[in-house]
Amino acid sequence: MYSASQIFKEAQLYGKDVTIFHLGDYDPSGHAAADAIERTFGETFDCSINFDRIAILPEQIERFNLPTRPTKQSDSRARGWAGSECVELDSMPPSGLRSLVENAITSLIDWYEWEQLKQIEREERETLERTLAGFTASQNGENDDELPTPF
């Protein structure tokens, strides 16, 4: 986590926001792990992050009809657990996980800027293709009369 915090701090120097999308079990240990990650970045490494839990959330249990299990009373964190049931992340269908991650990532995209960059990329590609075509033509002896004579 230390090396990640250093990378995140460097990105922030360039004006980038850092977001961590957390996917974990819906149980006392899963929530404690998420809390520890978020706390460690902030308190131990003095690294400002946006921490977004995207799975498993209570509403996803019903939406995906995920299998539940009772809370393990042997878990020391169970006393403070507000949930009535627990769910393992592995029970989420891969397509559901993919969709959650994709939606989380794309929610951060500035679509206007994205389209501007795609337009610049198209123009650069066209310029490179024209340059390559002209170079190839000159190598094949085509359009020699259009090329300047060196003497």
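Starting from the Cα gyration tensor of the range 37-108, take the square roots of the eigenvalues, sort them a ≥ b ≥ c, and report rounded, prolate or oblate (rounded when a/c is under 1.5, otherwise prolate if a/b is larger than b/c, else oblate). Oblate, because a/c is 1.5 or more while a/b does not exceed b/c.
Once the Cα atoms are used to define both axes, helix 111-139 deviates from the longest principal axis of the chain by about 30 degrees. Here Lys72 is the anchor, and the aspartates and glutamates within straight C-alpha reach of less than 15 Å, apart from those fewer than 8 places off in the same chain, are Asp25, Asp27, Glu85, Glu88. For the chain, the longest principal axis of the alpha carbon atoms and the long axis of helix 2-13 meet at an angle near 50°. First select every other residue whose beta carbon is under 9 angstrom from the beta carbon of Arg69; then total the charges, Lys and Arg +1, Asp and Glu -1. Surrounding charge for Arg69 is -2.
The alpha-carbon of Lys118 sits under 25 angstrom from the alpha-carbons of these lysines, leaving out residues fewer than 8 places away in its chain: Lys16.
Which percent of the accessible heavy-atom area of the range 53-99 goes to carbon and sulfur, probe 1.4 angstrom? Using a 1.4 Å probe with all protein chains present, the range 53-99 comes out at 50 percent carbon and sulfur.
May I ask for the angle, rounded to the nearest 10°, between helix 94-106 and the longest principal axis of the chain, with both axes built from Cα atoms and the value confined to 0 to 90°? It is inclined by approximately 60 degrees.
With protein chains left intact and a 1.4 Å probe, residues in the chain average 73 Å² of accessible area per residue.
Counting charges near Glu38 (Lys, Arg +1; Asp, Glu -1) among other residues having Cβ under 11 Å from its Cβ returns a value of -1. Given the alternatives [x] 18.8, 61; [y] 26.2, 91; [z] 17.9, 53, Rg and Dmax of the Cα atoms in Å as computed for this entry is given by [y]. Net charge in the neighbourhood of Arg122 (other residues with Cβ under 11 Å of its Cβ; Lys, Arg +1, Asp, Glu -1) is -4.
The values are calculated or read from the model by the stated rules, or taken from the named source; none is laboratory data. Everything quoted here is computed from the prediction, not taken from an experiment. Every residue, glycine as well, gets a Cβ built from its backbone with ideal geometry; the counts of neighbours run over all protein chains shown. The accessibility values were calculated without ligands, DNA or RNA, using every heavy atom of the protein model including side chains. Shrake-Rupley method; radii C 1.70, N 1.55, O 1.52, S 1.80 Å.
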